[in-house]
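Heads up: the structure comes next, in structure tokens.
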Amino acid sequence: MSETAERMEQLETALHDCAGRPSEARVTLPPEAYYDPDWFALERAKVHERDWLLLGHVSELPQEGHYLCVDVLGEPLFLVRDEAGQLRILSRVCRHRGADMRPEQDAGRARGFVCPYHHWSYKLSGGLRHAPLMDGSAALDPKTCRLPEFRHEVWQGFVFVTFDPDAPPLAARLDHLETRIENWRLAEMVVLRKQDWPAPWNWKIMVENFLEGYHHIGTHARSLEPIWPGESHETESASVGTTMLRFPNSADYLARRVHRPPSAEAEGLGAISGLSDEDLAASLVMSVLPSLTGFLIEDRAYIFRILPTGPEATSLTTYELTHDELLQTAGAKAKLPAEFVMFDTFHQEDLALLARMTAGLKARAARPGALSLYEEPIWQLQRYLSGKFRD
Ligand code: FES
Ligand SMILES: [Fe+2]
């Protein structure tokens, strides 16, 4: 066996061992799992190439011709609403000689796509519209030539892609999550703010940080801990490939943000109509592994799109979403800059710690560590990965 194969076998054995441990004996994955390029290639092949990955939200594509460019696992894609109003995920690779047709604007509205190299043009549905000066070629059949299309599924307004033609439908494994979050009506939300962030670390470092609330006591000691203390949150049971945390909202929180009539003085944008008392009693942190993590509070959702680009490189995009009805209330729009501060503060705190994790895990002295009972979602990620390696 080659040295690489041996190393991979050891890491896989460690993964299955982690995933099989009882709650009081759980440990982190070996540090190499967070930077080894061979392990990353295996994870990519067994996890990301075969599961569903988040691309965007339906409100980004309200009308025909709206498109987004997203690169997923090195694959240049258009997410587009075509002439008939259908969402499609098309390759951006020109059928002539393979240029990436990325337009100047990564998002916008178009009548079709034109390759800048020799001006072949395509319809929004992907079919070839026109290939100039190609009449003499018998190798091109303009009727059948079209941009390759990939499978997509829309769940709660979020558009996912898979490169695996045999991947089981996504929604089937998200029943539990859907029941829990349905009153937020994520599919009807609009994007308040979308941002790309540098994330020079392994995708699991990014995901694991979002999955657990234990770190509120350290990373967010001054920002989130006073509102949602690490000590008071619970991990709810969730199906494999999802996680769900519940952070109780204190009476003071509800008084400041929910029970005051929306006005310029009240904090937040009010409460989304249709949320039950039980919904308002706690804020939720959820994930649809491996690419979506989210934080739902009474007036909005924060969604993280996490797509690996290398063993220590991740494409990170954050979405803040809410309902138009809340934006129409008095003074709501004027409040937004101040409202964004909460997110910016805790997100910057996380990013600083993720840089420390990245450096620490590569040190010679790094070893697997014990997980607290509060870190059950880290084990849920291990269990999900272990299942993917056994599939
Ligand atoms: S490569 Fe696109 S038109 Fe030639
Ligand atoms: Fe955090």
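Read-outs throughout are calculated quantities, based only on the coordinates presented, and are distinct from any laboratory measurement. If you're wondering where the values come from, they're calculated on a predicted model, not measured in any experiment. Here Cβ is always computed from backbone atoms with ideal geometry, including for glycine, and neighbour counts include all displayed protein chains.
What Cys residues in the chain have no fellow cysteine's beta-carbon under 4.7 angstrom?
Lone cysteines by the Cβ rule: CYS18, CYS69, CYS145.
Tell me, rounded to the nearest percent, the portion of alpha carbon pairs in the chain spaced more than 33 Å apart.
Everything past 33 Å amounts to 37 percent.
Which whole-number percent of Cα pairs in the range 212-308 have a distance greater than 24 Å?
Counting pairs separated by more than 24 Å, the tail of P(r) holds 25 percent.
Give a residue-ordered list of calculated ³J(HN,Hα) values for the range 81-96 (Karplus: 6.51 cos²θ - 1.76 cosθ + 1.60, θ = phi - 60°; whole Hz; x for Gly, Pro).
Ordered by residue, 3J(HN,Hα) equals 9, 7, 4, 8, x, 7, 6, 9, 10, 10, 5, 8, 7, 4, 6, 7 Hz.
Is the shape of the range 192-245 best called rounded, prolate or oblate, per the rule: a/c under 1.5 gives rounded, else a/b larger than b/c gives prolate, else oblate, with a ≥ b ≥ c the square roots of the Cα gyration tensor eigenvalues?
Oblate.
Rounded, prolate or oblate: which fits the range 1-61, taking a ≥ b ≥ c as square roots of the Cα gyration tensor eigenvalues, rounded meaning a/c under 1.5, else prolate when a/b beats b/c?
Oblate shape, in that a/c is at least 1.5 and b/c is the bigger or equal ratio.
For the range 191-267 and the range 309-366, write down the distance between their C-alpha centroids in whole Å.
First find each Cα centre; the distance between them is then 11 Å.
I'd like the per residue volume of the convex hull spanned by the Cα atoms of the range 258-374, given in cubic angstrom.
Measuring per residue, one finds 145 Å³ for the Cα hull of the range 258-374.
Can you list, largest first and rounded to whole Å, the semi-axes you get for the range 1-110 by taking the square root of 5 times each eigenvalue of its Cα gyration tensor?
Computed over the range 1-110, the values are 40, 19, 10 Å.
Could you derive backbone 3J(HN,Hα) for the range 113-122 from the dihedral phi with the Karplus parameters 6.51, -1.76 and 1.60 (θ = phi - 60°), listing whole Hz in sequence and x where the residue is Gly or Pro?
10, 10, 7, x, 6, 10, 6, 5, 10, 10
Would you mind ranking THR13, THR28 by Cβ crowding within 10 Å, fewest neighbours first? Provide the component values of the computation, followed by the final result.
Details: THR13 11, THR28 21.
With the fewest neighbours first, THR13, THR28 line up as THR13, THR28.
So what is the 222 nm mean residue ellipticity for the chain from helices alone, if each DSSP H run of at least 4 adds -39500 (n - 2.57) and you divide by all residues, rounding to the nearest 500 deg cm²/dmol?
On the way: 9 runs with 100 residues, N = 391.
Taking each H run of at least 4 residues, the total per residue is -8000 deg cm²/dmol.
Cross-link list LYS123/LYS143; LYS46/LYS143; LYS46/LYS123; LYS204/LYS362; LYS204/LYS335: which exceed 24 angstrom alpha carbon to alpha carbon?
LYS46/LYS143; LYS46/LYS123; LYS204/LYS335
Would you work out the relative contact order for the chain, in percent, from Cα pairs under 8 angstrom that are 6 or more residues apart?
Once normalised by length, the contact order is 21 percent.
Of all the Cα-Cα pairs you can form in the range 59-215, what percent are over 28 Å apart?
So the portion of pairs separated by more than 28 Å is 33 percent.
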